[in-house]
Structures are given as C-alpha cells and as structure tokens.
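Presented below is the structure to which this report refers.
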Amino acid sequence: MRSALSSPQEGSISWSSDERAWPEVQVLRWIGPIAVIAALAGIAVIQLHPVMDRSMLERGALSVILSYQRALPLLGLGCALATVRSREAALGAILAVVGLWLGFAFRDSLINSVVSGSATTGRLGLPGPISCLFVGLVLAAPPRLRAWLLPPTAILVGAMLAIGIKLVDPSFHDPNFLRGGVAAGVWLVGAVGLTVHLCYRPWLGIGMRILGSWLVAIGLMLAASMLVPRPAIGALPPPEPAAGLERPGSQDLFPDSPAAGDRKSRFAQPGLDPLLQ
Amino acid sequence: MFWIGKGSTAGAPSFVAFWAVIVLALMPNGAFAHIIQGQAGGFGPGFEHPLTGPDHFLAMFAVGVWGAQMGGRAVWALPVTFPLIMAMGGLAGMLGMPLPHVELGIALSILALGSAIAFGWRPVEAVALILIGVFAICHGYAHGVELPNAADPADYAAGFVIATGLIHLLGVGVGLALNKPLEGRLSRALGAVIAAGGVYFLVV
C-alpha cells in the first residue's frame, strides 16, 4: 500500500512488498485504465448515434462527461482520491456517494432556496463552480491537510453533482437520465482515480497542485461570470450631441401643456436630496 | 552578454537598478501591450487567447521557466500561485474595479520575469510570489474586463485558465530541460529573449 503520497519535497512514495506478492491485486490495478478505454469507446459509440435516437440513459451520461462544469470537479476528485492513503480514499469515495444521495434527497429544498430573488439563472449554475473551487483547494493543499479536507469535499461534490444532473434533466421525471448521469459520474471518479493511482510518480505531485490551482481559478471565474450581470445589448450611452445643436425633444412641443414650464420646480420636493431631484 | 553572469542573489541590486532605469526611461511610452480582441467567444477562443496572444504567452511561459530555474518548492509554487491570483484579478476586472496602467503592468511582467531568468535571480520565495501576484492581477484584470462581454463567459474563462496552466507546464518543462546544459546558460539566454519581448511591448 502507498504509505505517503506527496510532492518530491514533502515526502516519498513507498510500495510494500505484500502488494507485489498478490498477482490478482496486480491485475486489479489495471481496472482504471481498462475502464477509461472502455468508457471512451462507449462515448464514441453514443456520439455516433443520431441525437434524436439517443436514450435518456445515454443523454444522462453525456450530460456529465461532456460538460466540463460537471466533469472537471469529478476528475479532480478522482485525482484527490488517488493521492491519499487507501483508507482515506475509500472513506472519500463512500462520502461522495453519501453526498450524491443527500443531493438527490434534498435537491428540491436546495433548489427552491436558490430560486428566489434576482440573478436566479446565474445561481442555478453555481453547483459546478462550487465543486471546482473546493476540489481545487483539496488538490492544491499540502498532503496532510488534503486528507482532512477530502471527506467534506467529497460530500459536497456528490451533492452538487446530484443537483447539477437534476437541473439539466430535460425529461424532468425520467429516472434513466439520472441513472445515466450518476453512472457516468461514478465511472469518471473511479476510472480517473484508479488510473492516476496506478501511474502515480513523485513528480505528479507538482501536477496535482497545479491542477488544483486551475480548478480553483476556474471555479472562481465561472462563479463570477455567472453572477456578474452582462451588459445589455444597446446599453451603451448615447453619443454626446455636437456643440451648438439642441438635443431632439428638448423643445417643448406643447407649450400650453402641464409638461411645459419649469420642470425643476415641478419635481422639487422639500426634504429631498437635490441630486435625487 | 552582460546578463549571463553567475546567477545568484548577489547580482540582485544591479539587476533591479538596471531595469529600474530602463523602465523609468520607457514609462512615458506606456505600451498597449495586451491585445484585446473585441467580442470574445466560448471555450475555444478562451483557450486560444493565451496561446495566440504573445504578451500573455511570454509571461506565463516565463513564470514556468523561472520557477524551474529557482528549483525547490518554487517549481510548483509559482505556477500554482499565478492562476489563483490571476482569478482574483479577473474578478476585479469583471466587477469593474478601477486598476490603472494594466497594460503597462503586463508589459513589465514580461520584462521583469525575463530579466529575472536572464540574471538567474533567486529571491526569497515570498518575494517571488509577491512579484508573481502583482503581475497575475494585471493579466487577470485585463481578461476579466473582457469576460462579461464574451458570448459565453463561463466557457471562455475555463478555456483561458486551462490554456494558461498548460503554458505554465510547458515553461516548467522547458526550464527543467534547459537548466542542466551549459550550466543553465541556455535558460538564461531564453530569459533574455523574453525580456527583449517585454521591451518590445513597452515601446510599441
């Protein structure tokens, strides 16, 4: 078993001899790459199907794998699980499933709490960025801290995945879409985790931290881009009129109407800020 | 070449003084180094932007090379810090917070990072991180200002950050490869070329 996984400056990797004594364990170690290859083939087959012929199961799977907002946090979680001890990785995987269940169980109340007030559309897109942010922090953290941060993050990522799948479900009620999404998510975490675990080298610790910083940056930028209001089309200020020319409409077309006269005096209210007036 | 000397912190004062004079001489011509390309798009344009924009590419690349040249924790600390602070700068830009002389800061980042590599400057890690952080804010801010106008800001941001990270990795790889041959002189010569690029962006 891997006793410690960290960057070259912080520790070293050791492989105990008992693992090499069990040939079936060696075979099991290749499950990750095999799963990656098999699933890539599966994605290619699904992609070859015409869009209209795809089942809800396939659509659910693709909605997770082909969406970087959902795929990136899962990829990061897989990497994080691969860089901690086996017990911690197992606990993290279990907690991710628990989070998934919690997300499905309480999704309605969670979504309802978000769908209120302004910028609702932006906030509905936040599950992906939130997952990216927290998974990135776990990966960028020192190995000891990573082990502590991983369990709560695994729950969060699972819950956010559940909400994210539900929000993009076009059928609203077809359980196959959810099954496809969940299966794809579990596959992604498992395949990436097992593959990274197999291929792990000390210098990959650097790559993991860099990946973590990317995920944090992506999470921040995604969240901000969803929450910051975009400028409306045609919201640019009108050009200033040329000197000596009056603005159209500045003249009183109806001198006898109540709108004519001193506008300032009509809007003047005692006690009000002159700027507001 | 004057900049290919014995790389150490001993040359830091002359290094700083030399480039301070150069920068002060060029400041009136504050260059508009960063190429703002109007309406940005989705993931593809966001990914392409750092790769095709020479100013951004040179700065990101230099961060990786400098980290590799410094060695130790700096190999990963610099490339990890840069995107994080860059995201903060991006947020500031998106929120419309004022930050003057961003383009000058971007051009200076290329010049300073290239010079640091060329002189083999190895400051205390905190100093390097602060320097990197200041430049990262400038780079992030410039892109953050553009983001709300993008066709798909979220996709654009994701592509942009991933491409930036890949350039860092490229820089680290090139830096590690060039550190050994000729006692690192190749790496320093590369830094001089980057610094020359910074001068170009300042002047033009």
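The values are calculated or read from the model by the stated rules, or taken from the named source; none is laboratory data. Note that the coordinates shown come from a computational prediction; the quantities given were computed from them, not determined experimentally. So basically every Cβ, Gly included, is an ideal-geometry build from the backbone, and we count neighbours across all protein chains shown. Protein only, heavy atoms only, side chains kept; ligands, DNA and RNA dropped before computing areas. Shrake-Rupley method; radii C 1.70, N 1.55, O 1.52, S 1.80 Å.
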I want to confirm something. Restricting to region B:81-102 and keeping residues that are within 22 Å of A:S225 (Cβ to Cβ) and away from chain A (no Cβ under 14 Å), which single residue is nearest to the chain's Cα centre (by Cα)? B:V102
Filter result for A:L137 (modelled with pLDDT under 80, surrounded by fewer than 23 Cβ atoms within 10 Å (Cβ to Cβ) and within 15 Å of the chain's Cα centre (by Cα)): no
Looking at (1) within 11 Å of chain A (Cβ to nearest Cβ); (2) not in a helix (DSSP H, G or I), which is the only condition B:G159 fails? (2)
Could you tell me whether B:L147 is among the aliphatic types (A, V, I, L, M) and within 11 Å of chain A (Cβ to nearest Cβ)? yes
Checking B:G105 against (1) small (G, A, S); (2) more than 10 Å from the chain's Cα centre (by Cα); (3) more than 30 Å from B:E183 (Cα to Cα), which test does it fail? (2)
Sole exception among (1) within 17 Å of A:L222 (Cβ to Cβ); (2) without any contact (Cβ under 8 Å) to a residue 40 or more places away in the chain for A:F172, by number: (1)
Sole residue being open to solvent by less than 10 Å² (accessible area, probe 1.4 Å) and more than 11 Å from chain A (Cβ to nearest Cβ), chosen from B:A136, B:A112, B:A142: B:A142
Quick test of your reading of the structure: B:F32 fulfils all but one of (1) modelled with pLDDT of 85 or more; (2) farther than 17 Å from B:G159 by Cβ; (3) of a type in the set (F, W, Y). Name the failing condition by number. (1)
Residue under question is B:I167, and the condition is that it be farther than 18 Å from B:W121 by Cα and modelled with pLDDT under 85; does it hold? no
